[in-house]
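Below is one structure, written out as structure tokens; comments come after it.
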Amino acid sequence: MNKNARYLNTRSVLRIAAVFMSLLIILLSCACKESDTQRVLSVWVYSEEYKKIVEYAVNNSGTNFAVPLDITVVESSKLSEQLALAEQNDLLPDVVMLSPDNMGKFINSDSSLPLSDSDLSSGLSAVEQEDYYSYALDLGRDYGGNLKALCMNFDPGIFLYRRSMAKAYFGTDSPELVSAMLSSWDSFLGTAELVKLSSDGKTRIVAGHEDLIRPFFSSGFGWVNKSGDLSVPAAAADYLDFAEVMTEREYSYSAAQWSQAWLAGMNDPQAVFGYFLSGMGIKYILEPACNEKDGSFGDWAAVAGPSPYSWSGAWLSIHSKSDMKKESAELLRLLTADGDTVEKHCRYSRLFSARRDTAERIKSNSQFQAPVLAGQNYYEVMYDSAARMNTAKGATEYDSIVRAALYDCANSVTSGQKSRADALMEFSATVKAAVSAGE
């Protein structure tokens with residue numbers, strides 16, 4: 001080959017190389033642009049704790065989740081306001097975490113997507129099954145029975161009592177024996193009388209009758225229908241009677257939940273025998289309130305109580321305007337239906353699983369032996385309580401209004417300010433006014 005031929009071949013190779021490099025740069029540039037505009041799944045949760053739980057669950061799921069998550073904390077009380085602002089700015093979330101107090105308004109609106117939507121079926125096909133607690137599943141249904149939110153965890157209620165008082169008044173602090181003494185509302189009243197007599201009137205079984213509302217109405221407060229009509233169950237009058245008996249016989253103080261007096265009773269050596277709380281209540285209320293050095297820390301035990309109920313929890317729903325519905329459905333499936341992932345995040349958070357099979361597997365684990373309960377396993381108690389829970393009515397946007405108005409109604413009766421009939425009339429008027437105002 002002559003010199004000119006070799007020169008021409010070299011130039012050809014260089015040209016080809018230059019074209020190749022140009023194409024490579026273009027491809028890399030496109031890839032970078034695609035990466036820069038990569039879609040992100042927007043998830044709203046209602047607490048920093050749940051943000052950590054969701055992050056932990058996804059990062060430890062053993063699968064590479066399809067898209068990155070952008071998790072924002074939006075307080076439950078501000079959800080409606082923030083959703084309205086987000087819609088104005090075209091920044092709506094794909095997935096919304098709901099609590100029982102704010103779930104009703106969202107799932108009964110067009111903002112929530114029915115989870116039976118054909119676009120979601122591949123992600124959620126394994127959700128509705130016998131292993132899922134019916135209470136947790138049914139609370140996420142709208143007025144028409146459509147499933148709009150899936151439960152990540154719920155919070156079975158339990159009754160927590162002071163071991164030292166049980167020993168002094170009953171001769172034992174055994175949860176098995178105390179549970180039998182508090183297994184029904186009739187036996188609860190009998191035990192309240194025993195506490196009063198044995199303490200010479202210095203101890204009352206609960207701090208206030210507001211503690212009784214959630215367990216008394218275990219199926220919830222969905223008393224307002226789709227048309228806005230209020231239907232007051234006969235149990236409302238029974239509750240007022242019970243609250244009146246508790247007050248008149250001095251079985252209860254009149255402390256409102258979360259008040260200073262209510263919290264102070266947790267460390268008082270004799271004032272209050274017990275509290276209706278939950279697993280989350282142990283973690284976020286009882287443990288911080290108890291003084292480890294000279295207070296009641298380690299002097300508590302848990303039983304299921306006279307009636308099963310749920311306190312709080314987290315439900316996940318998909319916004320109807322999300323353009324990432326399939327990815328949203330996959331996240332819901334991962335956090336609520338994938339057995340391994342659900343078990344991991346429940347063990348991490350110490351919260352109760354909405355799946356019966358998961359709760360069964362982990363309930364006896366030693367990590368649930370709480371020092372504040374002298375090492376008792378509270379998860380097993382919640383498991384027993386959850387097993388007794390009835391099917392719930394779907395949440396409505398007025399549930400928390402109904403509950404608050406009923407408490408005010410009971411206060412009017414127990415303080416002697418109003419008759420039961422007048423108090424119930426005022427209760428109905430309060431709820432109907434809230435419905436008319438669209439609160």
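Every read-out reported here was derived from the displayed coordinates using simple, explicitly stated rules and does not represent laboratory data. Keep in mind that what you see is a predicted model, and the values were worked out from it rather than measured. Because the Cβ atoms are built from the backbone with ideal geometry, glycine has one as well, and the counts that use them run over all protein chains shown.
Can you compute the helix-only [θ] at 222 nm over the chain? Use -39500 (n - 2.57) per DSSP H run of at least 4 residues, normalise by all residues, nearest 500 deg cm²/dmol.
-14000 deg cm²/dmol
Each residue of the stretch 196-211 in turn: what ³J(HN,Hα) in whole Hz from Karplus with 6.51, -1.76, 1.60 and θ = phi - 60°, glycine and Pro shown as x?
Each residue of the stretch 196-211 in turn: 5, 5, 5, 9, 6, x, 8, 10, 10, 5, 9, 7, x, 6, 5, 4 Hz.
Can you sort Met165, Met389 by how many other beta carbons sit within 10 Å, fewest first?
Met389, Met165
If one computes the Cα centroid of the stretch 226-304 and of the stretch 348-391, what distance in Å separates the two points?
20 Å
State the Kirkwood hydrodynamic radius of the chain in Å, one decimal place, computed from all pairs of distinct Cα atoms.
This gives a value of 24.3 Å.
Rounded to the nearest 5, what % of the DSSP beta bridges within the chain are antiparallel ones?
DSSP beta bridges in the chain are roughly 75 percent antiparallel.
Residues in the stretch 317-358, backbone N under 16 Å from the label point at Asn365 (7 Å along the Cα-to-beta-carbon vector): list them, ranges by number please.
335-358
What's the extension gain from Asp268 to Val67 if we count 0.36 nm per residue and subtract their Cα-Cα distance?
Taking Asp268 through Val67 to full extension adds about 67.2 nm, to one decimal.
Pick out, in residue order, every one of the chymotrypsin sites (Phe, Trp or Tyr not before Pro) in the stretch 248-279 that is DSSP loop and has at most 12 other C-beta atoms within 10 Å; say none if there are none.
Qualifying residues, ordered by number: Trp258.
Compute the distance in nm between two label points, each set 7 Å from the Cα along the Cα-to-Cβ direction, one at Trp185 and one at Ala374.
3.1 nm
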